[in-house]
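**Student:** Quick one: this structure, given as structure tokens, is what I'll be asking you about.
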Amino acid sequence: MRNIPFFPYPQLFTGDEDALLEVMRGVCRRGAYILQKECAEFEQAIARFLGVRHVMAVANGTDAMVIGFKAAGIGPGDEVILPSHTYIATAAAVQWVGATPVLADCGSDHMLDPLDIEHRITPRTRAIMPVQINGRTCDMDAIGAIARKHGLLLCEDAAQALGSRFGGQAAGTFGAFGTFSFYPAKLLGAFGDAGAVVTNDDQVAARIRLLRDHGRNQEGKVVAWGLNSRLDNLQAAVLLHKFGSFGPDLERRRAIAARYQQRLGGLPQLALPPAPGADTRHHDVYQNYEIEAECRDALREHLAARGVRTIIQWAGTPVHQFKELGFSVTLPRTDRLFERCLLLPMNTALDDADVDYICDAIGSFYAGT
Ligand SMILES: *Cc1c(COP(=O)(O)O)cnc(C)c1O
């Protein structure tokens, strides 16, 4: 029997241990811990990769959203429309700047449904926050058209979508700002928390630089209120090193998705994510491989008994189901999705034999039901 974890955390380090130790030794021997060369180089590398003017590395992906909203002037009295199928962090960031999160339903590809946005717009709506989930980008033509028609800002939570593209344009670069997370299990993972805000707007970028470092300008003078959300240079150095193999890493994820598609596409009990290249507008990078499955919970147990660990995203609870937070909206398609959705293992440590083993285990479950 194989033992396939959902995500192999130690592998982040052990997969390239000697080189990573060398990187960390270099930083620590220089005593270069905060806002140093590696941080600036990492920001520049991400900026080139995305084709965006400004990248500001911050402490984590949640801070990235809070700081982005602050810099874009979103605050008390404003409403922000976002999907319920997201991490609590997205809604919490809206809440933390004093604005109100307004939750919307998802479409058949699990992304924010453009058709569900417009009737949630009120005179207080300031922004739409599409979440580029599972390594896919929303239909930004449709969402961009709604934003333009109603004069709304677009703010992207691209925490799960570094390298994903829609119509050739990188996730995170469509609106006022976009945010990324480098949490260990993300597409590009640090050895702890890490994040970034990206923007093409010079003024928003300048405000973000102040906000993340106590409102201090380049001369070190305090010129605004800020906070401490700097990315540790040690993490920046690790990320910069890992970014060197990011292109092949994304290609490997797409190859795994293609293999899942080939092996599982014939099972009528499953609905799979769009295959790589299935839709020419989308370039998906498969942060996650989120399927819908009949008898989902029994399938999970069947797989666990065969050493294959799966998870349900957000521990099974989309944001609108957190009644303690005061949400009362009903979102039937999100509710239905969360009775059926399941994340299969998807990471660069999987080899083809692992993927085949997982697919065989799924096949044996449905053959037996
Ligand atoms: C991971 C994630 C975040 C938050 O990032 P952190 O770095 O953990 O703060 C936000 N939104 C989505 C969709 C995420 O997956």
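**Student:** List every residue pair whose Cβ atoms lie under 9 Å apart, where the two residues are 6 or more positions apart in sequence or sit on different chains, the first residue falls within the range 302-313 and is under 19 Å from LEU350 (Cα atoms) and not assigned by TED's automatic domain parsing to the domain that holds ASP360, and the second residue, located anywhere, is in a helix (DSSP H, G or I) and modelled with pLDDT under 95.
**Tutor:** Pairs found: none.
**Student:** Given the structure, is GLY220 open to solvent by 40 Å² or more (accessible area, probe 1.4 Å), more than 22 Å from the chain's Cα centre (by Cα), more than 25 Å from VAL97 (Cβ to Cβ) and not aromatic (Phe, Trp, Tyr)?
**Tutor:** On the way: open to solvent by 40 Å² or more (accessible area, probe 1.4 Å): yes; more than 22 Å from the chain's Cα centre (by Cα): yes; more than 25 Å from VAL97 (Cβ to Cβ): yes; not aromatic (Phe, Trp, Tyr): yes.
Criteria met by GLY220.
Each row is one residue, and each column tells you yes or no for (1) more than 16 Å from the ligand (Cβ to nearest atom); (2) in contact with a Lys or Arg (Cβ under 7 Å, 6 or more places away or on another chain).
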{"residue": "PHE42", "(1), (2)": "no, no"}
{"residue": "VAL52", "(1), (2)": "yes, no"}
{"residue": "ALA71", "(1), (2)": "yes, yes"}
{"residue": "PRO76", "(1), (2)": "yes, no"}
{"residue": "HIS85", "(1), (2)": "no, no"}
{"residue": "VAL94", "(1), (2)": "no, no"}
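**Student:** Taking the range 136-172, which residues are touching a helix residue (DSSP H, G or I) at 6+ places or on another chain (Cβ under 6 Å), assigned to a loop (DSSP other than H, G, I, E, B) and at negative phi?
**Tutor:** Passing the criteria: ASP139, ALA159, GLN160, ALA161, SER164.
**Student:** Another question about this same structure. Just one of (1) within 9 Å of the ligand (Cβ to nearest atom); (2) farther than 23 Å from ALA59 by Cβ; (3) not acidic (Asp, Glu) trips up LEU152, so point out which.
**Tutor:** LEU152 satisfies every listed condition except (1).
**Student:** Let me ask another. List the pairs whose first member sits in the range 59-80 and is under 16 Å from THR125 (Cα atoms) and free of Cβ contacts under 8 Å to residues at least 24 places away in the same chain, whose second member is within 16 Å of the ligand (Cβ to nearest atom) and of a type in the set (Ser, Thr, Tyr), and whose Cβ atoms are under 6 Å apart, counting only residues at least 6 apart or on separate chains?
**Tutor:** Close Cβ pairs satisfying both conditions: none exist.
**Student:** Among the residues of the range 347-357, is there at least one that is open to solvent by less than 40 Å² (accessible area, probe 1.4 Å) and free of Cβ contacts under 8 Å to residues at least 24 places away in the same chain?
**Tutor:** No: zero hits.
**Student:** Those residues that are open to solvent by 10 Å² or more (accessible area, probe 1.4 Å) and hydrophobic (A, V, I, L, M, F, W, C), I need them from the range 16-44; list them, please.
**Tutor:** ALA19, LEU21, VAL23, MET24, CYS28, ILE34, LEU35, ALA40, listed by residue number.
**Student:** From the set of residues in the range 180-190 that are open to solvent by 10 Å² or more (accessible area, probe 1.4 Å) and within 18 Å of ALA45 (Cβ to Cβ), which is farthest from the ligand (Cβ to nearest atom)?
**Tutor:** Per the criteria, the residue is LEU187.
**Student:** Can we say ALA236 is in a helix (DSSP H, G or I) and modelled with pLDDT of 95 or more?
**Tutor:** yes
**Student:** Then there's this: Can you find, within the range 193-211, the residue that is farthest from the ligand (Cβ to nearest atom) among those that are open to solvent by 20 Å² or more (accessible area, probe 1.4 Å) and touching a residue at least 24 places away in the same chain (Cβ under 8 Å)? Spell out how you get there, then give the answer.
**Tutor:** Step one: filter the range 193-211 for residues open to solvent by 20 Å² or more (accessible area, probe 1.4 Å), giving 193, 200-203, 206-207, 209-211.
Next, from what is left, pick out any that are touching a residue at least 24 places away in the same chain (Cβ under 8 Å): 193, 200-202, 207, 209, 211.
Details: ASP193: 6, ASN200: 21, ASP201: 21, ASP202: 25, ARG207: 20, ARG209: 19, LEU211: 16 Å.
This residue is ASP202.
**Student:** Quick check on this structure: which one of ALA161, ALA147 is within 13 Å of the ligand (Cβ to nearest atom) and closer than 19 Å to LEU82 by Cα?
**Tutor:** Working: ALA147 fails: within 13 Å of the ligand (Cβ to nearest atom).
The match here is ALA161.
**Student:** Please verify whether the range 149-162 includes one or more residues that are under 22 Å from the mean Cα position of the chain (by Cα), within 19 Å of GLU41 (Cα to Cα) and surrounded by fewer than 23 Cβ atoms within 10 Å (Cβ to Cβ).
**Tutor:** Checked the range 149-162: no residue is under 22 Å from the mean Cα position of the chain (by Cα), within 19 Å of GLU41 (Cα to Cα) and surrounded by fewer than 23 Cβ atoms within 10 Å (Cβ to Cβ).
The values are calculated or read from the model by the stated rules, or taken from the named source; none is laboratory data. Since the model is a prediction, treat every value here as computed from it, not as a measurement. FYI the Cβ positions are ideal-geometry reconstructions off the backbone, even for glycines, and counts take in every protein chain you see. Accessible surface areas use protein heavy atoms only, side chains included; no ligands, DNA or RNA. Shrake-Rupley method; radii C 1.70, N 1.55, O 1.52, S 1.80 Å.
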